[in-house]
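Inspection log for the structure reproduced underneath, given as structure tokens.
Here, each number is a calculation from the coordinates, and none is a lab measurement. No experiment lies behind these values; they were computed from the predicted model shown. Glycine also receives a Cβ, built like all others from the backbone with ideal geometry; neighbour counts cover every protein chain displayed.
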Amino acid sequence: MRRKLIAGNWKMNLTYKESEKLAKEITAKIEQKELNKVDVLLCPTFVSLGIVNKTIKDNDIKLGAQNISYENNGAFTGEVSAEILKSAGCEYVIIGHSERRSYFHESNAVINKKIKKAIEFALKPVFCVGESLIEREDEIYEGIIEKQITEGLTGIDAEQISEIVIAYEPVWAIGTGLNATPDQASQIHSFIRKVIQKLYNEKTANEILILYGGSVNEKNSAEMLSAEGIDGALIGGASLKSDDFAMIVKKAAQIK
Ligand code: 13P
């Protein structure tokens, strides 16, 4: 039985104090009975991991980072290691977000190294995949997603993959207000499960959590999260508003 996961990716937003305030509001607005039904994850900037951890630590809300170094430690100015993330209270880390792929030129090979490093340190990767608008229009999106998954998971065995969450985020739907329809998302989620089945086995494909991300908000979330094979959401813009984020969690908890 796959338990839904609602994750907020705060991206490069909110100062230290603003992050604390948002975390406090979210903690106050999400009820324990909802946390009994769905997992909730907050991913602030590196700078605010500590204060958000302190704020949420008496709740069942989980903490994640938005990036990780594939190196262990040492002279890598500006990087943050798995061990440091663990020490700040992180349980998850977003890896391979399309913004990192496009603005910071992260290749599938780099993403693969980061996933391996996260797993080595018992951090759960939220491994993002998704096609661009041109790739969708050219109808080559399945091949692109299969390549991202196959190369991103190279050398990761069936046991390790149980620690990984996949997030399908079509690039054309991120921050644009243009979300994929529930049918479009379901179709890709089912395609991703087929790729996982091919790489691993049917059990792994059935068990792996696949989130949808891209313009999810409190209005469209119930329909998205009720669609076949959608196990949760990775939310950008709407995760910065406590009312909206708490409402999305509430709706997710109501889904049978
Ligand atoms: P938006 O929800 O703002 O479209 O962002 C989605 C996303 O990129 C989450 O990682």
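Go through the residues of region 9-18 one by one and say whether even a single one is touching a Phe, Trp or Tyr at 6+ places or on another chain (Cβ under 7 Å) and buried (at least 20 other Cβ atoms within 10 Å of the Cβ).
No: zero hits.
Assuming residue 149 fulfils every condition listed in (1) surrounded by fewer than 19 Cβ atoms within 10 Å (Cβ to Cβ); (2) farther than 23 Å from residue 39 by Cα apart from one, which condition is it?
Unmet condition: (1).
Does residue 31 satisfy being more than 16 Å from the chain's Cα centre (by Cα), surrounded by 14 or more Cβ atoms within 10 Å (Cβ to Cβ) and of a type in the set (Asp, Glu)?
So residue 31 fails the test.
Just for region 126-144: of the residues that are within 16 Å of the ligand (Cβ to nearest atom) and not hydroxyl-bearing (Ser, Thr, Tyr), which one is surrounded by the fewest Cβ atoms within 10 Å (Cβ to Cβ)?
133
Hey, could you check region 27-44 for residues that are part of a helix (DSSP H, G or I) and not β-branched (Val, Ile, Thr) and say which is nearest to the ligand (Cβ to nearest atom)?
Ranking the candidates gives 29 first.
For residue 249, which of the numbered conditions (1) within 16 Å of the ligand (Cβ to nearest atom); (2) under 30 Å from residue 105 (Cβ atoms) fails to hold?
(2)
Which one is farthest from residue 186 (Cα to Cα) among residues in region 216-237 that are touching a residue at least 40 places away in the same chain (Cβ under 8 Å) and near the ligand (Cβ under 10 Å from one of its atoms)?
Filtering region 216-237 for residues that are touching a residue at least 40 places away in the same chain (Cβ under 8 Å) and near the ligand (Cβ under 10 Å from one of its atoms), the one farthest from residue 186 (Cα to Cα) comes out as 237.
Within region 90-109, which residues are of a type outside the set (Ser, Thr, Tyr) and either in contact (Cβ under 8 Å) with a residue 12 or more places away in the chain or within 12 Å of the ligand (Cβ to nearest atom) (or both)?
90, 91, 93, 94, 95, 96, 97, 99, 100, 101, 108, 109 - these are the residues of region 90-109 that are of a type outside the set (Ser, Thr, Tyr) and either in contact (Cβ under 8 Å) with a residue 12 or more places away in the chain or within 12 Å of the ligand (Cβ to nearest atom) (or both).
Filter region 158-187 down to the residues that are acidic (Asp, Glu) and touching a residue at least 40 places away in the same chain (Cβ under 8 Å), then identify the one that is nearest to the ligand (Cβ to nearest atom).
Among them, the one singled out is 169.
If you take the residues of region 59-117 that are among the β-branched types (Val, Ile, Thr) and more than 22 Å from residue 161 (Cβ to Cβ), which of them is surrounded by the fewest Cβ atoms within 10 Å (Cβ to Cβ)?
77
So which residues in region 121-170 are under 20 Å from residue 71 (Cβ atoms) and polar (S, T, N, Q)?
Hits for region 121-170 are 154, 160.
Residues checked against (1) under 17 Å from the mean Cα position of the chain (by Cα); (2) closer than 25 Å to residue 168 by Cα; (3) polar (S, T, N, Q):
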position: 35; (1), (2), (3): no, yes, no
position: 42; (1), (2), (3): yes, yes, no
position: 47; (1), (2), (3): no, no, no
position: 63; (1), (2), (3): yes, yes, no
position: 75; (1), (2), (3): no, no, no
position: 87; (1), (2), (3): no, no, yes
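So which of 155, 130, 213 ends up being in contact (Cβ under 8 Å) with a residue 60 or more places away in the chain and more than 25 Å from residue 246 (Cα to Cα)?
130
Condition first: touching a residue at least 40 places away in the same chain (Cβ under 8 Å), assigned to a helix (DSSP H, G or I) and farther than 30 Å from residue 207 by Cβ. Now tell me which residues in region 2-26 satisfy that.
Listed by number, the residues that qualify are 22, 25.
If I go through region 226-242 residue by residue, how many of them are over 25 Å from residue 192 (Cα atoms) and in contact with a Lys or Arg (Cβ under 7 Å, 6 or more places away or on another chain)?
1
Residues being touching a helix residue (DSSP H, G or I) at 6+ places or on another chain (Cβ under 7 Å), in contact (Cβ under 8 Å) with a residue 40 or more places away in the chain and more than 30 Å from residue 107 (Cβ to Cβ): count how many of those fall in region 27-78.
Matching residues across region 27-78 total 6.
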